[in-house]
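Below you'll find the structure, written out as structure tokens, and then a few comments.
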Amino acid sequence: MINNNPLIPLLLLLLHFFERAVLELVKQLRGVLEATRAITDMINNPIQMADLHVQLADSYRGSAALRSEFFDALSNIHITEGWYSEAAVCQAHSLAIIGKELQAKSLIAQTDWSLLDILNKQIAIEEELFSSATVGNTQLGGFTITTRKVDDLVRTLLLSERYEAIGPIYRLSVPIFEKQLDFKYLVGIYAELQQACSRAAEIKLNSKRHLGSYFKVVFHGESHFCDEHKTEWVYREPKLTSLAEACDHMVESVRLALGHDRVQVLNDKSIDEANLDPSTAFIQVAYIEPSTSPNNSKNKNTSTKSSSNIDSSSTSQSTSENSLTNEEKIDLMAYNSHTNIWTFIQEEKLIDNNVDENEQEMARTALRRLILTVESPFPNTRRRQKIVQTEENILSPLELACECLIFKAGQIRRILTAADIPRSHYGIHDKETLKRLDLKQLQLFLQGSVSPTVNAGLLAYAESFTSPAQKQRYGKNGIGRLVVAFKTLIAELDVALRVNEAALAGDRVEYQSMLRQSFDGMLERLSMFFEGEKFLQKPGESDSDDTLSLGVFGRIERTDSSAAEMHIFDSISGLNG
């Protein structure tokens, strides 16, 4: 009888899977048709054009050839418009798709696909390169062994100035040429590698590279932006783009996309939607900085700190290009500062209403720090990513002051580190070391810190937080944080002065003497503010307050420095930039 047929359960199961497969196929086809039709409507909107290309590529996961072609098409669009980092990521996706098939067909040896992490750690994950599953569920593209894709990717990396990625990418193709004994091609690869390494070393020395600027963009106007109304995004702009330039770019882009000129930039931090003209499309644009702090990961749970006594009515959006981690400034021209970036920092100054209005401004200035997490890391196949998480932290005036001082120390340390000058320097360095020193930049920071015309900025911190009211508010431990921050800066200034004296080698004696006298005078005044505290240790001396630094930097080291910190510090010390 049919009911006793043991194959019936199996047939029913197969039918169930078949129905699911059909529904999934119909869903994919519908998405493909919608995206294909929308492409013709997005000719003036390159941002959404890129979104549609990625959507189509994802819809064709079952076809290696078609998925690869859509990434190739998007990379060509990016190259035409000058977005080379995004083009490189697209080309890497295409390379991964081809490599996966060739490896499955045993045409190439097992490959270390983690090498693609040098561009974007999501590439290998999204293409399932680490999966034990085969390509059996994917229609093969009929790819053959070719290294043209690697060569194209390397050329794009050169255009994007991402020289550090060229070595790992070439390691994908080197085994193929070694197996083929194609030494002529290998010579060309190693020559290209030598040139790329030389450029990377040069950039590391002179820090003359800008891999991009980042801005938070919010759209307002449901009739104009539809599903993107009130959504928040991070946009990457080329090289060193100012906030004003970014606003102009966004306005022009939105005008072209919407087909009308009724586009306006909102400067207010808080927006009342009811008061906005529905016939006008509004955008908010704010400068943000990439964060490389390991504690600002995409998996971090959202937590919010707020204070009803913090007033942001007189906030100032910072547009600095500097960050700080572990007492030292992160070089925002460095490769890692613009690679696999999930989180960004947005900051604004606040007024702490808990502090009496008669206190100095520095003692009343707090900071709001927003940590923004995006959906997928930069660089990516697209130059914008949606913000999916926001964490808010409030720094008290004292915490902000400590970070400002440590930030300044980090700026000086970076200059000295570039010349391989350690913190413990007390002697005269050889001529080769001094040749590597950016003396002009070092003297600029020295003048801004110890010059008698501007060093009141440093002493203003001491004066602001040593009044009886401030001591009572922060207690011994709080003031101790400020002391350690001062000692960190003073130690770097002392080394910088010694190096400057060695570099001048008897020239400009009066200038060097003036700097040293100003520095010594500043130490005396600091000691008076902090009841005889000794801020500079001589060689061999120990600092009785060393144990305090763990408590102070325990918080500061886990926090990226602020753009606002530099802005505040430089405004009082006579330095800008």
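Working carefully through the options SER242, SER213, SER198, find the one that is of a type in the set (S, T, N, Q), under 29 Å from the mean Cα position of the chain (by Cα) and surrounded by 17 or more Cβ atoms within 10 Å (Cβ to Cβ). Please lay out each step first, then the result.
Working: SER242 fails: surrounded by 17 or more Cβ atoms within 10 Å (Cβ to Cβ); SER198 fails: surrounded by 17 or more Cβ atoms within 10 Å (Cβ to Cβ).
Residue meeting the stated conditions: SER213.
Entry remark, the stretch 168-199: residues being in contact with a helix residue (DSSP H, G or I) (Cβ under 9 Å, 6 or more places away or on another chain) and outside any helix (DSSP H, G or I) number 4 in total. For LEU459, the stated conditions do not hold, so it cannot be described as of a type in the set (A, V, I, L, M), part of a helix (DSSP H, G or I), within 30 Å of the chain's Cα centre (by Cα) and closer than 23 Å to PHE529 by Cβ.
No other residue among GLY521, GLY554, GLY532, GLY540 is at pLDDT 80 or above and either exposed (fewer than 12 other Cβ atoms within 10 Å of the Cβ) or among the acidic types (Asp, Glu) (or both) apart from GLY532. In the set LEU172, LEU205, only one residue is at pLDDT below 95, of a type outside the set (Asp, Glu) and in contact with a Lys or Arg (Cβ under 8 Å, 6 or more places away or on another chain); that residue is LEU205.
The values are calculated or read from the model by the stated rules, or taken from the named source; none is laboratory data. Remember, predicted model here, so these are calculated numbers, not experimental data. A quick note on method: Cβ atoms are made from the backbone with ideal geometry, for glycine too, and the neighbour counts reach across all protein chains shown.
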